[in-house]
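Heads up: the structure comes next, in structure tokens.
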Amino acid sequence: MATTKHIVIIGNGIAGITAARHIRKRSDHRITVISAESDHFFSRTVLMYIYMGHMKYEHTKPYEDWFWEKNRIELKRAYVQKVNPDSHSIELDDGSSMNYDELIIATGSKPNKFGWKGQELKGVQGLYGLQDLELMEESTKGISKAVVVGGGLIGIEMAEMLRSRGFEVTMLVRETSFWNTVLPKEESELINRHIRSHKVDLRLATELDEILGDENGKVRAVRTRSGEEIPCQFVGLTVGVSPNVSFMKDAGIDIDKGILVDGELRTNVPNIYALGDCAQLRNPKPNRKPIEAVWYAGKMMGETVAATICGQPTDYDPGIWFNSAKFFDIEYQTYGTVLPELKENEDSILWDGNDGKRCLRIVFDRNSKAVLGFNAFGIRLRHEVCDAWIRNGATISEVISNLDKANFDPEFFKKFEKEVQLQTTI
């Protein structure tokens, strides 16, 4: 007869909640989820739509509030202040403690700050969680000008949020082209043009030097390294995120940038696992990063750790890389390997929709012709089709000839396959 354990999960994001759901499917273990951010799981990726007035908070919860009690998943609203591996217990900020048999740490990320002078002024903040959204709502009341610092996905989300309310927005991007550490030159330049078409003052190759405050301790301007002063009443710091692990430092758990885990997501301390944005793989798969702070990775890690804890030890397999995002009204998907610069053995085809909103790049091996990756802008591809093409080594000719199979929904997305085929000779 299986022994019932108490599984404690710190964090109610996609990684922690996926683990809880799958442990429940596989066992009768007692499950407790602890979060200081919210009572219930919500979709972090749609927080921006609350600010923009498209959704309310209750619309972001994938499960009804009764779901948790019905599935015997206990919820605790608290901060975890300390982990005591020797006694298998954690200490909470309300003064209580809780024992565990297995502990899952899924505490996500926190916005980066780099010690800029003025970064603690009122009206200066990052954007990651629900409290950040609430603070942004309060801090942008009555403003007219905002500055967003950083050229990543959170930065462009924040710019879109601010523009939706008619504020003047200036973006400071250190790189010479938006997200050019990730995107090839043509795609990066497409996004530059698109950002500016939405009346965002995009300043490339521009770095923040200092945030200036007024006599009330509120931001009044930023100064760039070139000495230019840009007036504003709000500053969004969106220069990436880092694992939220500071409360773990005295627990004897190995930490580098994130909590170090093996292939089964186990830490160096028995009965303690880490997953999602806060986990750092000791030995990542080839061509993969040790920390992949994306929704899809967190979900797959949750499923993996549930299997292991429930008696089926399982190695985390990230599969074919996939990510998706949105640049204002341009949808973006990427599959497999598409680097800013092609490797020596790689070649690619690039279709440009000539409307400033659509393009498709397919990267393939110059010798075998096997497809290695896709970048899609303004069109939506079928995940399972692209994944199978890359996984099975489909050639670029096969893919081009069968592109219609990858069109996610021809009723909503303009057909592009013939144009790609006419422009492409392989």
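Remarks
- Entirely in the stretch 10-94, the helices (runs of 4 or more DSSP H) that have 1 or more residues that are aliphatic (A, V, I, L, M): 14-26, 47-51
- Single unsatisfied condition, Pro318 versus (1) modelled with pLDDT under 95; (2) open to solvent by 60 Å² or more (accessible area, probe 1.4 Å); (3) in a loop (DSSP other than H, G, I, E, B): (2)
- Taking the criterion of being in contact (Cβ under 8 Å) with a residue 24 or more places away in the chain, in contact with a Lys or Arg (Cβ under 7 Å, 6 or more places away or on another chain) and open to solvent by 10 Å² or more (accessible area, probe 1.4 Å), the residues of the stretch 228-246 that qualify are Pro231, Gln233, Val241, Ser242, Pro243, Asn244.
- Some residue of the stretch 234-244 being modelled with pLDDT of 95 or more and either small (Gly, Ala, Ser) or at positive phi (or both): yes
- Among the residues making up the stretch 271-290, a single one is under 14 Å from Ile105 (Cβ atoms) and open to solvent by 40 Å² or more (accessible area, probe 1.4 Å): Asn271.
- Where a residue in the stretch 105-134 is over 28 Å from Gly302 (Cα atoms) and open to solvent by 30 Å² or more (accessible area, probe 1.4 Å) and its partner, wherever it lies, is assigned to a loop (DSSP other than H, G, I, E, B) and aliphatic (A, V, I, L, M), with Cβ under 9 Å and at least six apart: Lys113/Val239; Phe114/Val239
- The lone exception for Arg163 - which of (1) closer than 23 Å to Ser246 by Cβ; (2) open to solvent by 40 Å² or more (accessible area, probe 1.4 Å) it fails: (1)
- Positions within the stretch 192-227 being in a loop (DSSP other than H, G, I, E, B) and open to solvent by less than 50 Å² (accessible area, probe 1.4 Å), in sequence order: Leu204, Thr206, Gly217, Gly227
- Screening the candidates Ala293, Ala306 for the property of being among the small types (Gly, Ala, Ser), under 24 Å from Gly240 (Cβ atoms) and either assigned to a strand (DSSP E or B) or touching a helix residue (DSSP H, G or I) at 6+ places or on another chain (Cβ under 7 Å) (or both) yields one hit, Ala293.
- Any hit, the stretch 256-263, residues being out of contact with any Pro (no Cβ under 8 Å at 6 or more places or on another chain), open to solvent by 60 Å² or more (accessible area, probe 1.4 Å), part of a strand (DSSP E or B) and not aromatic (Phe, Trp, Tyr): no
The values are calculated or read from the model by the stated rules, or taken from the named source; none is laboratory data. Since the structure is predicted, the reported quantities are computational estimates derived from the model, not experimental observations. FYI the Cβ positions are ideal-geometry reconstructions off the backbone, even for glycines, and counts take in every protein chain you see. What goes into the accessible areas is simple: the full protein's heavy atoms, side chains included, and nothing from ligands, DNA or RNA. Shrake-Rupley method; radii C 1.70, N 1.55, O 1.52, S 1.80 Å.
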